[in-house]
Amino acid sequence: MGAFTTRNDTRKIQIGSQVIGGGNPVLIQSMTNTRTEDVTATVAQIHRLEAAGCQIIRCTANNVEAARAIGEIKKQIHIPIVADIHFDHQLAILAMECGADKIRINPGNIGGADRVRAVVDAAKRFQVPIRVGVNSGSLEKELIEKYHGVTAEGIVESALDKVRMIEELDYDQIVISIKSSDVMMCVRAHELIAARTDYPLHVGITEAGTLMRGAIKSSVGLGIILNQGIGDTIRVSLTSDPVQEIIAAKQILKALNLRQGGIEVVSCPTCGRTAIDLIGLANQVEELTADYEHLSIKVAVMGCVVNGPGEAKEADLGIAGGNGEGLLIKKGEVIRKLPEEQLLDALRYELEHWN
């Protein structure tokens, strides 16, 4: 296997107002779970996702009404919109006519060569990139037989076959997505494909699971892949409120130093020495700090006198808990001692007046 094509060297692809690949930052995606034709509900959900930090949004275009709704939704949001199409090539064309900034298709399930050509012709006409998506769960029977099961090699071969279908129609505005719910298979597939193509890669662990399990699987898989320089956009797929996908994705990128800015909250795991409701307080602090993403600081929430004061002093702003009370520490200095019930408001005040 040759050297990887890293995100610094992938092709640049324009998606609405965003550019991916070629050294641009890794962007966070999510997908709505409303009925797309319900424009009001879909726009409301996208606004919540935008506020959380979503940078590209995908909506299903599974019927004519949904495909047509893409245009009205686009007028009311502030991030690029991707239309997700399966089986019906006419819906892909209609979504592009209505203003989709990108389409997601599997060329293998929208019919024969004529239908693929019709979609690519429309993509050329509207200058809309095509995301070619292949999941391990939909791998072709012949590739399963060739590789004696569902394998990373089969997933990659399937994806590159579909990329060639589009390239042969003289179009190269392509993003590739290969996903599996098997973390290490997904890692292997991305390593293989990054050695064989320079198209931007959208990375995710598909069907990762519920909030905690899915976040853990995604963190492990995406962490390994992204840390090798692979991946231009990501989605953390969770069986949860899509806003949680954005929160998890941001934390993954921050942990890998692929995203700067925003407040980093650190908190101790609690122990028998803890004499305040540290778990409740830490969760409240995490919710509170989400409203101050413009600040690039570290906030510590510590529960006892053993490590608390020291750890809090290393942060920009911190709470060191005691017996029903706590120290508020700013830039390494204790600025006041407060009852437990006043700590959150004091922290909020400091964030609002941070300089």
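For helix 211-227, what angle does its Cα long axis make with the longest principal axis of the chain, in degrees from 0 to 90 and rounded to 10? In the chain, helix 211-227 runs at an angle near 70 degrees to the longest axis. So what's the net charge close to LEU143: Lys and Arg +1, Asp and Glu -1, counting the other residues with Cβ under 13 Å from its Cβ? With Lys, Arg at +1 and Asp, Glu at -1, the net is -3.
Over the chain, dividing the summed -39,500 (n - 2.57) contributions of all DSSP H runs of at least 4 residues by the number of residues returns a 222 nm mean residue ellipticity of -12500 deg cm²/dmol. Surface analysis of the chain yields an accessible area of 44 Å² per residue, using protein heavy atoms and a 1.4 Å probe. Checking (i) 78, 43, 33; (ii) 73, 45, 31; (iii) 58, 55, 42 against Cα extents along the principal axes in Å calculated from these atoms, the matching label is (ii). Across all directions, the average projected area of the convex hull around the alpha carbons of region 129-198 is 4.6 nm².
Using only Cα atoms, locate the centre of region 295-355 and the centre of region 1-64, then give the distance between them in Å, rounded to an integer. Cα centroid to Cα centroid, the span is 37 Å.
Using the alpha-carbon positions of region 56-136, Rg (one decimal) and Dmax (whole number) come out as 11.5, 35 Å. With all pairs of different C-alpha atoms in the average, the Kirkwood value for the hydrodynamic radius of region 1-158 is 16.8 Å. What's the angle, to the nearest 10 degrees (0 to 90), between helix 113-126's Cα axis and the longest principal axis of the chain? On a 0 to 90 degree scale, this one is about 60. Note on region 250-303: percent of Cα-Cα distances in each 5 Å bin, starting at 0 and stopping at the bin with the largest distance, equals 5, 19, 25, 23, 15, 9, 5, 0.
With only Cα atoms counted, region 207-264 has Rg and Dmax values of 10.9, 29 Å. A quarter of the convex hull surface defined by the alpha-carbon atoms of region 201-325 gives 8.4 nm² as the mean projection.
Note on region 149-197: with charges restricted to the Cβ of Lys and Arg (+1) and Asp and Glu (-1), its dipole about the Cα centre is near 200 debye. Determine the share of region 1-81's accessible area contributed by carbon and sulfur atoms, expressed in whole percent, with a 1.4 angstrom probe. Accessible surface attributable to carbon and sulfur in region 1-81 totals 48 percent. Taking LEU288, LEU201, LEU27 in turn, the Gaussian network model of the chain (Cα-Cα springs below 10 Å) assigns the largest fluctuation to LEU288. Across every pair of non-identical alpha carbons in region 74-217, the mean reciprocal distance, once inverted, gives a Kirkwood radius of 15.9 Å.
Dipole orientation for region 95-164: of the candidates ASN109, GLY99, VAL156, GLY99 has the Cα lying most toward the positive pole (charges on Cβ; Lys, Arg +1; Asp, Glu -1).
The values are calculated or read from the model by the stated rules, or taken from the named source; none is laboratory data. Just so we're clear, the structure is a prediction, and the values are computed from it rather than from any experiment. Note: ideal-geometry Cβ built from the backbone for every residue, glycine included; neighbour counts use all protein chains shown. For accessibility, only protein heavy atoms count, side chains too; no ligands or nucleic acids. Shrake-Rupley method; radii C 1.70, N 1.55, O 1.52, S 1.80 Å.
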